[in-house]
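K.L.:
Let me begin by handing over the structure; questions about it come next.
Derivation of every value follows stated rules applied to the coordinates shown; laboratory data play no part. What you see is a predicted model, and the numbers here were worked out from it, not measured in a lab. Backbone-built Cβ (ideal geometry, glycine too); neighbour counts: all protein chains shown.
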Amino acid sequence: MLKYRADIDGLRAIAVLIVLFFHLDFSLFKGGFVGVDVFFTISGFLITGIVLKESKTNGFSFLRFYSRRATRLIPAYLVVLLFTIVVGFIFLTPLALKELLQSGISSTFFASNFYFLFTQGGYFSNAAHETPLLHTWSLSVEEQFYLVMPLAVVLWLKIRNTKLQNYVLVICFILTVLASYLLTKLHQPAAYFLVISRAHEFLLGSILAVIIYKNSSSLKFSITSSNFLFAISLLTLLYTALTFDAKSHFPGLLAVIPCLATGGVIFSGINEKCISHRILGNRLLVFIGLLSYSLYLWHWPLITFFKLSGIELDLKVQLSLLFLSLFFAYLSWRYVEKIVRYAKWSSKKRIAAAFYILPCVALGSLFFYSQKGEFYPERFDKKIVAAEVALKSKPELGRETCHTNDLAIDGSHKCQLGSSSVNSKKAILWGDSHASHFAGLVDVVGKGFDIQITEVSRGNCPPLLKLYINAQGAKIACIERNNTVLKYILERKPKYVFLGGAWGGYLLEDLLIGTQAEKLEIIISSLTETINILLEHNIKPIVLEMLPRQSKDASACYLKTKLGVRGVKLEDCTVSPLKESFPELVTRFNQLKGEFSGKITFITPENLFCNDDKCKTYLDDTPLYRDINHLNLKGSIILGQQYIKKFGYLNKL
C-alpha cells in the first residue's frame, strides 16, 4: 500500500533547490534544470499511486481527482499570476506587458509550453530568460499529463492478464523514450517543451508505483542494499545537475538519467530503515518540500524582475532572492494552499469559481482590450515605445512560407521584396536566417535600384552546395532544399542572387564537421562553387557579409539606457567588428573579393554602422539587433537606407 513518505517531500526540496540555484545563476548548478524532471517522475509516481489505491478501495472518481488537482494547484498559481501582472503593469514596456498577458492566458489554460515554443524559440534563449512566466511551461506539461494519465491507468487496470499489463508498460516506456530521442534530434526546442518528449519521465514514476503497489508485501531489501541504491541515485542526480548544461542534447536520452536516479531514491525508501529517511526526511528539507510548489511559482518572476531592472546577480542578491522566494512561498503555502486544500467540499466549489473562473474572465477581457491598444504607451517616452517596437520586429513575420523548413518554394507576391513593377529586374534572396534578417535591407535596395527580389531562405541552411551539416537531422534536408533552390534559380534566370549566411557562426557551432580550419575551408570552397555556378549562367551574385556577432546579447541595450536600467550605459551598446572575432574569415572573404573583383558585389554591413574598432548596436534612436546576431526588421531597413546613402548608384550592383 502506498502511504505518505516524508523522504519524497525531501526529494521535492532537492529538486526545487537545484532549479532555484540554476535560475539564480549559481555557476556550479549549470544543469539545475533537471530538477523539473525530478518533479515529473515524482508526479508520475504519486498520481499513479492515487489512482491505483482508490481503484482498489472505494472506486476512483475523475471528478474528485480533478477537483483535488484544481484546488491544489490553481489558487497559488493565480495569486502569483496576479502579482506578476500588477508588477508588469508598473514596470514593463507596452509590448513586454502584452507578451506577459499572452503568456499568462496560455498558462492559465495549461498551454504555456506551446506558447513559449512558438514565441521564444527555445528554453535557453536570452529572450526566454527575460520572460516572467517562462517557468509555467512545466506546469502546463504536468497538467496535460494529469488530463491523460488517470484515464490511461484506469484502462490499463482493465487488462486482466498480468504479463500483458507489464508488456504494455514496458512498450509504452520504450516508445516514449524513443519519441523523446527522435524529437530532440530533430528539433530540440520542441522536445524540451512538449509533453510527448517528457511522457517517459512520468511513466517511469508510474512504473515504480505499480511495482511498489503490487508487491508491497514481498519487496524486502537489506539496509546495506537500500543505502547503496540511495547513495548512488542521489549522487547521480546531483551529478547531472552539476554537469549538464544548455548545450546538452536534452531531454532525449539524457533525461532518463536524472529520472532513473529519482526512481532509485524513491525505491530505496521502501526500506524504512534506509538512510534516505534520515537525510531527506529531516525537518528542514521536508518543510522546503512542502513549500516546493509555491517556491517554484514565486522564484522565477522575482528573479526576472530583478534582472530586468538591471540588478546584477552577485552573491548578496542571489541569497536575498533565495530568502525572498522562500518568504513569499511560505505566505502562499500557509495562507492560500493550506486553506484551500483543507476547505470543505462545498467551499471548494466556491473557491474554484473565485480562483479560476473569474480570473479567466478577467484575463480574457484584458487580452481583448490589449488588441485595441498597446497597454498605455503614454506611460513611456515616444522614443522608448518606438525603440521597443523596432526591437521586437522580425523580417519573417507574416511571411512564414518565405523563410521555412519546407522543401517547396513559395514564389508568390508575399515573398517578394523591393520593386513591385512587373518590368523590374528580378533577383532571389537565398540563404539561412542571416539572409532572411537582411530582408528589410534588400527590400530598400530593391526599391532604390528597381529590383524585385523573391526570398527563399531556410534556417541553418546557408547557400552552400554539398554542405556537410551535422545538425539535428538538417544535413539531408538542407542539401535537398539548396538543390531545389538552385534549380528554381536556373529555371527563372534572375539578374541577381543575394547570398546570405551566418558564415562565422558555422565555425562556432557543431553544425559543420571538422576542425575550425576545416570548417572555414568548407565554407569558402562551397561559397566559391555557388558563385561560379551562378556566374556560368550569367547571374550576378551579391554576397551579404556577416553581421558583427555580439559576445553577449546587447540588442536591448539602447532601450535599457532610455529606460534608465541601472548599470547600462550608452557606450556599452557596441559590438566588436568581425576582424576581431573572425579574423581568418575576414581574410578569406577579402581574398574572395580580389578573386571575383568586378564580377560580383559584396555588401558589408560593418561599412554602414561601424567606426574603426567599434560598431554601435543602434542607429537613429533605433536598435539594430533583435538578438545576439540577427537584425530586427526596422534595423535591417535602416541599414538599407544607409546603403542607398553611401552607394546610391546603380553600378555597385
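K.L.:
What's the percent breakdown of Cα-Cα distances in segment 88-241 across 10 Å bins, shortest bin first?
P.N.:
9, 27, 29, 22, 10, 3, 0
K.L.:
If you don't mind, another one. With every atom except the alpha carbons ignored, what do you get for Rg and Dmax of the chain, in angstroms?
P.N.:
27.9, 87
K.L.:
Can I ask one more? Which length gain, in nm to one decimal place, applies between I476 and T57 when the Cα-Cα distance is subtracted from 0.36 nm times their residue separation?
P.N.:
Extra length from I476 to T57 when fully extended: 145.3 nm.
K.L.:
To the nearest 0.05, how large is the calculated FRET efficiency for F228 and F287 if R₀ is 25 Å and r is the Cβ-Cβ distance? Write down the numbers at each step before the final one.
P.N.:
Working: r = 28 Å, r/R0 = 1.11.
Plugging the Cβ-Cβ distance into 1/(1 + (r/R0)^6) gives 0.35.
K.L.:
If you take every residue apart from P258 with its C-beta less than 9 Å away from the C-beta of P258, what net charge results, scoring Lys and Arg +1 and Asp and Glu -1?
P.N.:
Working: positive: none; negative: D37, E201.
Charge balance in the 9 Å sphere: -2.
K.L.:
Sorted from largest down, give the three principal axis spans of the alpha carbons of segment 528-572, whole angstrom values.
P.N.:
Extents along the principal axes, in whole Å: 56, 18, 13.
K.L.:
Separate question: Expressed as a fraction of 2.2 N^0.38 Å, the rule-of-thumb size for a compact globular protein of N residues, what is the C-alpha radius of gyration of segment 576-641?
P.N.:
Dividing the Cα Rg of segment 576-641 by 2.2 N^0.38 Å gives 1.23.
K.L.:
Once fully extended, how much extra length lies between L147 and K487, figured as 0.36 nm per residue of separation less the alpha-carbon to alpha-carbon distance?
P.N.:
Full extension of this stretch gives 117.6 nm more.
K.L.:
Can you give me the long-range amide H partners of I428? Hydrogens built in the peptide plane at 1.01 Å from N, cutoff under 5 Å, separation of 5 or more residues or another chain.
P.N.:
T454, Y496, V497, F498
K.L.:
What distance in nm separates the two pseudo spin-label positions at V170 and F221, each 7 Å out from Cα along the beta-carbon direction?
P.N.:
Between V170 and F221, the simple spin-label model gives 2.0 nm.
K.L.:
Same structure again: Which of the GluC sites (Glu not before Pro) found in segment 499-547 are loop residues per DSSP with 16 or fewer other Cβ atoms within 10 Å of their Cβ?
P.N.:
Passing both the DSSP loop test and the Cβ count: E509.
K.L.:
With a sphere of radius 10 Å drawn around the Cβ of G310, what net charge do the other residues whose Cβ falls strictly inside it have (Lys, Arg +1; Asp, Glu -1)?
P.N.:
Details: positive: K307, K560, R566; negative: E312.
Residues near G310 contribute +2 overall.
K.L.:
Further, regarding this structure: For segment 38-132, state which chymotrypsin sites (Phe, Trp or Tyr not before Pro) are in a DSSP loop and have at most 15 other beta carbons lying within 10 Å of their beta carbon.
P.N.:
Listed in order of number, the matching sites are F109.
K.L.:
Which entries of K447/K493; K414/K493; K307/K579; K394/K552 have Cα-Cα distances beyond 25 Å here? Can you show the working numbers first?
P.N.:
Details: K447/K493 20 Å; K414/K493 20 Å; K307/K579 32 Å; K394/K552 20 Å.
Over 25 Å apart, Cα to Cα: K307/K579.
K.L.:
Collect residues whose amide H, placed 1.01 Å from N in the peptide plane, falls under 5 Å from the amide H of L619; neighbours closer than 5 in sequence don't count.
P.N.:
Under 5 Å from the amide H of L619: L624.
K.L.:
Starting from the 7 Å offset along Cα-to-Cβ, what nm value, one decimal, do you get for the label separation of S525 and K214?
P.N.:
Roughly 5.8 nm, to one decimal.
K.L.:
Compute the FRET efficiency between K338 and K273 as 1/(1 + (r/R0)^6), taking r as their Cβ-Cβ distance and R0 = 25 Å, and round to the nearest 0.05.
P.N.:
The computed FRET efficiency comes out at 0.20.
K.L.:
If you bin the C-alpha pair distances of segment 6-372 every 10 Å from 0, what whole percents do you get?
P.N.:
For segment 6-372, the binned pair fractions read 5, 23, 34, 27, 9, 2, 0 percent.
K.L.:
Let me ask something else about it. Return the FRET efficiency for the residue pair E571, N405: r is the Cβ-Cβ distance, R0 is 35 Å, and the value is rounded to the nearest 0.05. Show your work: numbers first, answer last.
P.N.:
Details: r = 40 Å, r/R0 = 1.14.
Between E571 and N405 the formula returns 0.30.
K.L.:
Same structure, new question: Give a residue-ordered list of calculated ³J(HN,Hα) values for segment 94-109 (Karplus: 6.51 cos²θ - 1.76 cosθ + 1.60, θ = phi - 60°; whole Hz; x for Gly, Pro).
P.N.:
For segment 94-109, the Karplus curve yields x, 5, 5, 5, 4, 5, 4, 5, 4, 5, x, 5, 5, 6, 5, 9 Hz.
K.L.:
Which ³J(HN,Hα) values, rounded to whole Hz and listed in residue order, are derived for segment 378-394 from phi using the Karplus coefficients 6.51, -1.76 and 1.60 in 6.51 cos²θ - 1.76 cosθ + 1.60 with θ = phi - 60°, glycine and proline given as x?
P.N.:
These are the phi-based 3J(HN,Hα) values: 5, 5, 10, 4, 4, 5, 5, 4, 5, 5, 5, 4, 5, 4, 8, 6, 10 Hz.
K.L.:
I've got another one for you. Using only the alpha carbons, work out the radius of gyration and Dmax of segment 140-183 in angstrom.
P.N.:
Using the Cα atoms of segment 140-183, the pair Rg, Dmax is 12.2, 34 Å.
K.L.:
Can I ask one more? How far apart, in nm, are the 7 Å Cα→Cβ label points at L253 and L315?
P.N.:
4.0 nm
K.L.:
A further question on this structure: Roughly how compact is segment 437-590, stated as its Cα Rg over 2.2 N^0.38 Å to two decimals?
P.N.:
This ratio for segment 437-590 stands at 1.20.
K.L.:
Something else about it: Taking 0.36 nm per intervening residue step and subtracting the Cα-Cα distance, what contour gain separates F26 from V154 on full extension? Don't skip to the end; give the middle numbers.
P.N.:
Numbers: separation 128, 0.36 × 128 = 46.08 nm, distance 4.28 nm.
Here the answer is 41.8 nm.
K.L.:
Which residues' amide hydrogens lie under 5 Å from the amide hydrogen of I451, considering only partners 5 or more residues apart or on another chain, with H built in the peptide plane?
P.N.:
The answer is S419.
K.L.:
I need the phi-derived Karplus couplings for segment 190-204: 6.51 cos²θ - 1.76 cosθ + 1.60, θ = phi - 60°, integer Hz, Gly and Pro marked x.
P.N.:
5, 4, 5, 8, 8, 5, 4, 8, 10, 4, 5, 5, 5, 4, 4
K.L.:
Taking the Cβ of D7 as the centre, find all other residues whose Cβ is under 14 Å away and add up their charges (Lys, Arg: +1; Asp, Glu: -1).
P.N.:
+4
K.L.:
Okay, next question. Report the Stokes-Einstein translational diffusion coefficient (µm² s⁻¹, integer) for segment 512-612, Rh taken as the Kirkwood radius over Cα pairs, at 20 °C with viscosity 1.002 mPa s.
P.N.:
Details: Rh = 16.1 Å.
Roughly 133 µm²/s, to the nearest whole number.
K.L.:
Can you tell me what share of the DSSP beta bridges in the chain is antiparallel? A percent to the nearest 5 is fine. It would help to have the intermediate numbers written out before the result.
P.N.:
Numbers: 11 of 32 bridges.
Just about 35 percent of them are antiparallel.
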